[in-house]
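Please read the structure below before turning to the comments.
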Ligand code: NAD
């Protein structure tokens, strides 16, 4: 079954839990438009390659539309359409006022030099401009698989060179470097959101009891597939901010497993030095890499590509929780098997929404032309100091100078941009999890169906408010 058909099957299961009119449900599900285009690339050796690019805008119930750009060989119309649909639902779940979109270029980025990747990115952006598929109020790309802040900077520069959007041009793309209008915390945002989502899922005693697990992350064993942007940051934050143990990693070249736990930075360093995660000191090599997903752990975090857990391997998955950091890692057939087995699946359309949430904060920063917290930070700091001095004066026992200085140091600071971004992200992920979990309990459905239902209800409400044009 195609990826988009699978997304639609999951949509249908949730639609059955609503009483919205059939035509409206079909409109919410349909992809508004998808553009496919070929363009030439002059290779460094002077030869010419033809490159295929795509951009889908799934839903315009809110504008602009928003979604990442992926560089991968598997990119095609079906994949980009499915991913754009997930973006619409994701934005609705975390109350980010965008419609869903997705773009892609069908290449294996490892086969191109940096100069070639720059030419591909700039020409792809030029095609988006020509087709009115990019702009702060139109459609706003972001990083996804195979792209990062560097590519986003090239997109921004191309947009600025080619258009006369002098005031708001910075908001044409998110995930930019901080010096180019990017927001602090965007790089790690998806992984941080995944962390908050996993932490929430593990915080409910009755849910953990059903899995035979204790509440909280402390002592839980975790396997992560994909050590790119999302996988690395998820692992790093799990390691630094919870007592979870990273027992397995899977990358393209193979997997490694050590039940005593591994340090993610040491694994990354080892990969940089040797070109592979294999042979990491103390760990067992796993070949082929997919077998890593089947090893013993409490939480499995697929953070690479879609359809890695299928009906073929679902039965052998030992994890009690699957945290879908990637988009679409579990096929519908595998989903049925795993739900039947009682595995708790924290679904992609909720769990990896931290990226688009912080992209929204970046877009707001670009349109307001001021760094978050710039005008209030010093004021907050002074205020906290004033309160501490007032408490000191009002109490009979005076703080000694050292205690007062210590307190000022610990609580007398204003929020930086990163503090504000992380706090907004944490609040968003906690609130959205609560909404989905309540729906799950109320309707006796699983978390994925609840997440879809949450999205469908919110998008339907938008249509009820605005009606259908004309
Ligand atoms: P990335 O390119 O930074 O990293 C992906 C990693 O997966 C790479 O290191 C790659 O080598 C590895 N990989 C590829 N195939 C593999 C395989 N078969 N087994 C093991 N590892 C493999 O990409 P990313 O941005 O981290 O995106 C990963 C997933 O998260 C994608 O599904 C993407 O759509 C989703 N996502 C990303 C963001 C974001 O902000 N970047 C936001 C939401 C969702």
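The values are calculated or read from the model by the stated rules, or taken from the named source; none is laboratory data. None of the values given here were measured: they were computed from a predicted structure. So basically every Cβ, Gly included, is an ideal-geometry build from the backbone, and we count neighbours across all protein chains shown.
Just a few scattered comments:
- Number of positions in region 197-218 that are out of contact with any helix residue (DSSP H, G or I) (no Cβ under 6 Å at 6 or more places or on another chain), in a helix (DSSP H, G or I) and either touching a residue at least 24 places away in the same chain (Cβ under 8 Å) or within 16 Å of the ligand (Cβ to nearest atom) (or both): 6
- Among all residues of region 102-112, there is at least one that is farther than 21 Å from residue 457 by Cβ, assigned to a strand (DSSP E or B) and over 17 Å from the mean Cα position of the chain (by Cα).
- All positions within region 336-382 that are within 17 Å of residue 300 (Cβ to Cβ), within 16 Å of the ligand (Cβ to nearest atom) and touching a strand residue (DSSP E or B) at 6+ places or on another chain (Cβ under 7 Å): 345, 346, 351
- Of the residues screened, residue 83 is one that is in contact with a helix residue (DSSP H, G or I) (Cβ under 9 Å, 6 or more places away or on another chain), farther than 22 Å from residue 182 by Cβ and within 14 Å of the ligand (Cβ to nearest atom).
- Among all positions in region 111-133, there is at least one residue which is within 28 Å of residue 451 (Cβ to Cβ) and modelled with pLDDT of 95 or more.
- In region 280-292, the residue that is farthest from residue 324 (Cα to Cα) out of those that are buried (at least 19 other Cβ atoms within 10 Å of the Cβ) and within 9 Å of the ligand (Cβ to nearest atom) is 289.
- Residue satisfying all of: in region 316-334; more than 16 Å from the ligand (Cβ to nearest atom) and under 17 Å from residue 82 (Cβ atoms); surrounded by the fewest Cβ atoms within 10 Å (Cβ to Cβ) among these: 333
- The one condition in (1) outside any helix (DSSP H, G or I); (2) in contact with a strand residue (DSSP E or B) (Cβ under 9 Å, 6 or more places away or on another chain) that residue 119 fails to fulfil: (1)
- Counting only residues that are within 13 Å of the ligand (Cβ to nearest atom) and either part of a strand (DSSP E or B) or surrounded by 19 or more Cβ atoms within 10 Å (Cβ to Cβ) (or both), region 122-148 holds 7 of them.
- When restricted to residues that are assigned to a helix (DSSP H, G or I), surrounded by 15 or more Cβ atoms within 10 Å (Cβ to Cβ) and within 16 Å of the ligand (Cβ to nearest atom), region 219-273 contains 15.
- Pairing residues of region 76-88 that are at pLDDT below 95 with residues that are within 14 Å of the ligand (Cβ to nearest atom) and not in a helix (DSSP H, G or I), at Cβ distances under 7 Å and at least 6 apart in sequence or on separate chains, gives no pairs at all.
- The residues in region 340-373 that are surrounded by 17 or more Cβ atoms within 10 Å (Cβ to Cβ) and in a helix (DSSP H, G or I) can be counted, and the count is 16.
- For region 150-161, the set of residues classified as within 16 Å of the ligand (Cβ to nearest atom) and closer than 10 Å to residue 173 by Cβ consists of 151, 152, 153, 155, listed by residue number.
- Counted residues, region 19-71 - those being farther than 17 Å from residue 106 by Cβ, in a strand (DSSP E or B) and in contact (Cβ under 8 Å) with a residue 40 or more places away in the chain: 4
Residue-wise test of (1) assigned to a helix (DSSP H, G or I); (2) within 30 Å of residue 347 (Cβ to Cβ); (3) out of contact with any helix residue (DSSP H, G or I) (no Cβ under 6 Å at 6 or more places or on another chain).
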site	(1), (2), (3)
391	yes, no, yes
407	yes, no, no
415	no, no, yes
420	yes, yes, yes
427	yes, yes, yes
445	no, yes, yes
455	yes, yes, no
461	yes, yes, yes
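- Just one of (1) modelled with pLDDT of 95 or more; (2) over 18 Å from the mean Cα position of the chain (by Cα); (3) outside any helix (DSSP H, G or I) fails for residue 158. It is (3).
- Positions within region 162-182 being within 16 Å of the ligand (Cβ to nearest atom) and either under 26 Å from residue 59 (Cα atoms) or part of a helix (DSSP H, G or I) (or both), in sequence order: 173, 174, 175, 176, 178, 182
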